[in-house]
1. Using the Kirkwood formula over every pair of different C-alpha atoms, what hydrodynamic radius in Å results for region 103-168?
2. What does the charge add up to near Lys33, with Lys and Arg as +1, Asp and Glu as -1, over the other residues with Cβ less than 15 Å from its Cβ?
3. Which FRET efficiency value, to the nearest 0.05, is calculated for Leu39 and Ile156 with the Förster distance at 35 angstrom and r the Cβ-Cβ distance?
4. Using R₀ = 35 Å, calculate the FRET efficiency as 1/(1 + (r/R₀)^6) where r is the Cβ-Cβ separation of Val68 and Ser92; round to 0.05.
5. Roughly what would the spin-label model give for Lys126 and Gln28, points 7 Å off Cα along C-beta, in nm?
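Readers should treat all values here as calculations from the given coordinates under stated rules, not as data from a laboratory. A quick note: this is a predicted structure, and the numbers were derived from the prediction, not measured. Please note: Cβ atoms are built from the backbone with ideal geometry, for glycine as well, and neighbour counts cover all protein chains shown.
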Amino acid sequence: MRIDALYWLIIAFIFEYRQQDHSAIMKQRELEKMMRARLILAILSTLLEEAALVVIVLVGLPELDIEVPLGVLITVIVVWGVFSILLYQMGSRALRRKPIIGLSVMIGSRGKAVNPLALEGFVRIKGELWEAKSDGGRINTGKQVMVVGQDGLKLIVRQSNKDDLAVTK
């Protein structure tokens with residue numbers, strides 16, 4: 001009897017593990033589909049923008065007696081394409097970034113002071129700018145800080161020291 005119960009417990013555990021694994025795979029596939037669709041839309045919109053630019057330069061401007069050399073048009077199109085690629089990459093990076101859920105997750109995080117914190121100021125933590133209060137005294141610009149709490153939507157920070165680095169590693 002005990003062996004049957006243990007057998008079914010193991011089966012249930014394996015099934016639950018596979019379900020979690022399957023769920024993670026499905027989320028990854030959804031993200032890949034979304035990114036693929038976003039790439040296709042980005043390519044199509046860039047091509048349409050560049051086609052409109054070519055039509056304006058080759059048809060519209062000559063109607064107004066404005067001539068643009070072909071070399072300038074090609075340069076503008078190449079620069080526009082490079083700009084679109086960079087914009088797409090930055091947007092993709094932002095979409096893939098794992099969201100921070102709740103300020104309580106920030107406690108223990110390290111960052112840098114963006115401006116001097118006499119009492120209040122701004123800090124950059126995990127690439128994001130946060131309004132912060134100093135826990136104890138002035139913190140100069142560029143100094144490492146550690147989040148020790150929160151007050152509403154403001155982080156409470158103190159200047160990091162060597163002991164903080166040892167604890168957080």
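1. 11.3 Å
2. For residues surrounding Lys33, the net value is +3.
3. The calculated FRET efficiency here is 0.25.
4. Calculated value: 0.60.
5. For the pair Lys126/Gln28, the computed spacing is 2.2 nm.
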